[in-house]
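All remarks here apply to the structure that follows.
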Amino acid sequence: MRTQVGIIGAGPAGLLLSRLLQLQGIDTVVLENRSRGYVEARIRAGILEQHTVDTLRAAGVGARLDREGMQHGGIHLQYPGTRHTFDFPELCGRTVWIYGQSEVVKDLIAAQLEDGPPLLFEVSDVRPVDVDTDHPRIHFTDAEGNAQVLECDAVAGTDGFHGVSRPLVTAGTGGRVWERTYPYAWLGILADVAPSTDELIYAWHPDGFAMHSMRSPSVSRLYLQVRPDEEIEDWPDDRIWEALATRMALPGWTLETGPVTEKSVLPMRSFVSTPMRYGRLFLAGDAAHIVPPTGAKGLNLAVADVTLLATALVRLLAEQRTDLVDSYSDRALARVWRCTHFSWWMTSMLHRSGDDFDAQLQLSQLRRVCSSEAAARELAENYTGLPLE
Ligand code: FAD
Ligand code: DHB
């Protein structure tokens, strides 16, 4: 088999890269080790920045997003006694959209299977080789158990945090990793109940952080700060609803409850691996970096990476010019570090560490960001998404 860009991983990064390259006349093959059903059912992020929405629309996969996505002009930030609303259009002229990552992935897969390049599910033993030459190859076993070799001009490692690509880049470049783990995790639920709020609520509380998001007018998504070693069995639905209601309590406001349809504990970490390129192997999305979810940046960063990477690969493969691939890693990492800082900052401001001195600093920061227009604008600009470069 031969293609121009071999793409490892059919998450949002790999699928969107394939679509963007297809639209520029570049051939791709996407290799995914899970099944289509598994990939489409994975519940993850829910907030799309302006540039993400613009990119999906321009890629011709925005129709359902425009019909079913919910445009949001702000968030509520809460600490005991106060629920402050940020008006994003007023603060920075931008908005965000609620549209689940699983829906973005379904739309991209549907488009690719309809008129796009090959997308192979349930492959195994994926192994990129010779990535430091101009003729990299990807060895893999297809779903029928046949050994295959995909010859490429470039390889995109969009295979997430546990993929095979990042270790090759680190080993080949003597690269470096920066990491921060947090002493807490999120317990997330999906529930069949209308959201009890117009905008998302991010709440600081002495018991720990809580958040109210949504997926549709009839489906709510909620999160609770828990210990990283928390057993999900210790959190029956009643206990979850009680903790959510306590942590987001406000006089005159009621949290509506309903059947819980999904429940899981998510670890929190910040992680950046540099550089994002070794020879003709390019990393994008979670393969290169992880942010804690508080700033809603993970999916949006993956989209930003592949937007830069697509342009760079078109320049390389259509014009034989290496300038943009040579600068890809540095340009992507500038934005990665900004989002890493914002996600760390939101996380640090809103989660209880157990230290009462920290708590006073957090409350001081929350009062500041809810009372100063300059501080509020800084939050709004970062939350709605900074320019790509
Ligand atoms: P992924 O979505 O991880 O896609 C990588 C793909 O590669 C997967 O389909 C995987 O199966 C495949 N793959 C892996 N290894 C191989 C291999 N060897 N061969 C072939 N294929 C392979 N972000 C937010 O902003 N807000 C949230 O609320 C939020 N919640 C999250 C909850 C969870 C449980 C997780 C894990 C992440 C969450 N994130 C959230 C982060 C966000 O979902 C990710 O940043 C986003 O999925 C990154 O997309 P990606 O395409 O880079 O990686
Ligand atoms: C969602 C997740 C986030 O991490 C966030 O900051 C906002 C919304 C969500 O799943 O809807």
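The values are calculated or read from the model by the stated rules, or taken from the named source; none is laboratory data. As the structure is a prediction and not an experimental result, all values here were calculated from the model. Heads up, the Cβs are rebuilt from the backbone with ideal geometry, glycines too, and the neighbour counts pull from every protein chain shown. Side chains are part of the model used for accessible areas, which takes the heavy atoms of the whole protein and leaves out ligands, DNA and RNA. Shrake-Rupley method; radii C 1.70, N 1.55, O 1.52, S 1.80 Å.
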field: Convex hull projection area averaged over all views, the range 1-133, Cα basis, nm²
entry: 11.4 nm²
- line: Both in Å, the radius of gyration and Dmax of the C-alpha trace of the chain are 21.2, 65
message: Using 0.36 nm times the number of residues separating residue 368 and residue 242, minus their current alpha carbon distance, what extension gain do you get?
response: 42.4 nm
task: Could you please tell me the mean projected area of the C-alpha convex hull for the range 102-251, averaged over all directions and given in square nanometres to one decimal?
output: 14.0 nm²
message: Please report the net charge: other residues with Cβ closer than 11 Å to the Cβ of residue 258, K and R +1, D and E -1.
response: -3
Angle in degrees between helix 237-247 and the longest Cα principal axis of the chain, rounded to the nearest 10: 70 degrees
message: I'd like the per residue volume of the convex hull spanned by the Cα atoms of the range 273-378, given in cubic angstrom.
response: 107 Å³
field: Rounded tilt (10° steps) of 356-369 against the dominant C-alpha axis of the chain
entry: 80 degrees
query: Using alpha carbon centroids, what distance separates the range 359-377 and the range 254-305, in Å?
result: 26 Å
message: Report the rotationally averaged projected area of the range 52-112 based on its alpha-carbon convex hull, in square nanometres.
response: 5.2 nm²
- prompt: What is the Cα convex hull volume of the range 1-78 when expressed per residue in Å³?
  reply: 128 Å³
message: Within 13 Å, Cβ to Cβ, of residue 199, how many net charges do the neighbouring residues add up to if Lys/Arg are +1 and Asp/Glu are -1?
response: -1
query: the range 252-309: which chymotrypsin sites (Phe, Trp or Tyr not before Pro) are DSSP loop and have at most 13 other beta-carbon atoms within 10 angstrom?
result: 253
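If I compute solvent accessible area with a 1.4 Å probe over the protein chains, what percent of it on the range 70-145 is carbon and sulfur?
Numbers: 1460 of 3290 Å².
The computed percentage sits at 44.
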task: Under 17 Å from a label point 7 Å along Cα→Cβ of residue 322: give me every residue in the range 149-177 with its amide N that close.
output: 153-155, 173
- line: For residue 127 the rounded accessible area (nearest 10 Å², probe 1.4 Å, non-protein molecules ignored) is 130 Å²
field: Under the Karplus curve 6.51 cos²θ - 1.76 cosθ + 1.60, θ = phi - 60°, whole-Hz ³J(HN,Hα) for the range 278-289, x wherever Gly or Pro sits
entry: 9, x, 9, 10, 10, 8, 8, x, 4, 4, 10, 7
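Considering only protein heavy atoms and a 1.4 Å probe, what is the carbon-and-sulfur percentage of the accessible area of the range 171-298?
Carbon plus sulfur share of accessible area: 50 percent.
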message: At 1.4 Å probe radius, can you tell me the per residue accessible area of the chain in Å²?
response: 41 Å²
query: In terms of solvent-accessible area of protein heavy atoms at a 1.4 angstrom probe, what is the ranking of 114, 122, highest value first?
result: 114, 122
- line: Karplus-derived 3J(HN,Hα) from phi for the range 48-64 (6.51 cos²θ - 1.76 cosθ + 1.60, θ = phi - 60°), whole Hz, x at Gly and Pro, runs 10, 6, 3, 5, 5, 4, 4, 5, 5, 4, 5, 7, x, 10, x, 5, 6
